[in-house]
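So the structure is just underneath, and the comments pick up after that.
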């Protein structure tokens, strides 16, 4: 008689959750299945939030090992572009992970010739994954399985890196064998050599190639053919497939996919910086009326009142403007991020420990302390009305001319001074001398 795997996992869930107290998680439906387990959508009745629960396939020591490795590697990472792990454990012959639930689709959906994303969105997505990988690498984690199906876009279009099931943690002993998905593996992975962060860079280069062209960089009739091409041949130049691409994108892809490590990007920060340069070059053309309207809007905002028009234009800020509806969280307390915002229209509330500690007016900046101090965010910002925001990335600012950086820091100082003055005025008077 065939075993109903859905029932097996449902029975497991029921037993696990009742053993942990009053049925904390309520299973809603099955979401999908991967190499290391089955994933279910559930509701956490304590915190009233949706979560995803991944359960190992069964008694296989390999499937349990992969799931625990995913929990151990991703669980040590806290980054806005990495799927969050909340809990993990073992119950009978199964192991499980409780993790962040996302509504959206993986990048695999956008790697088809007829369903490609806009060029600027492709660059922005891969840039953010570069930041996530750089953070993971600094924490001693190498993903080893970067591919479109392991990067998801949430409902706001933010990419999240997931599935660390075959990740390598630096302090752990290296395992012999070929780990990963052949079409996205680096030459050194396939040769079973020591894998470094540059292997993840090669794999991400394969993802960028596919997002831009709708075709895999290395294709073949079988895995052996693909492996031969990765180790011996160069892919078809991406601009041969899409002649409309700016030259810089061809150069970036070539450098990310270099077989020689000395010719490949040494770190994700280098990869990301080149993408930022490319991104600035594909913003609205200056003869586009929308460009003129945005520049005029920025010049009316108090934050930019001391900037010359040429300085605003040189920053390429026209592509960093975003609309957000009322009630949306912009940044979350505890997040590690290096972006800050200028509010162009609307109102934003800043909360700490669920109490409103500040209200941001149009023309003011917020979130800059995380960038200046290089620390996790210490408050949560959310929209009080529909808002028009400008999102500015630290990489963009760090590479700007010193004169422009000085203007930004002067504005940061003015903002801090205003907030301190406002805070002091709200304090009750002290005792008389």
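Each reported figure results from applying straightforward, stated rules to the coordinates on display, with no laboratory input. Because the structure is predicted, anything quoted here is derived from the model rather than measured. Note that each Cβ is placed from the backbone with ideal geometry, even for glycine, and that neighbours are counted across all protein chains shown.
If a paramagnetic tag sat 7 Å from the Cα of residue 115 along the Cα-Cβ line, which residues of segment 130-160 would have the backbone N under 18 Å from that point? The answer is 147-160, whose backbone nitrogens lie closer than 18 Å to the label point. To the nearest 0.05, how large is the calculated FRET efficiency for residue 170 and residue 299 if R₀ is 45 Å and r is the Cβ-Cβ distance? The formula returns an efficiency of 0.40 here. Fully extending the segment from residue 247 to residue 233 would add 2.9 nm, taking 0.36 nm per residue of separation and subtracting the current Cα-Cα distance.
The label-point distance for residue 376 and residue 308, in a model that sets each label 7 Å from Cα toward Cβ, rounds to 4.3 nm. Legend: calculated FRET efficiency, residue 222 to residue 332, from the Cβ-Cβ distance at R0 = 51 Å, rounded to 0.05, equals 0.70.
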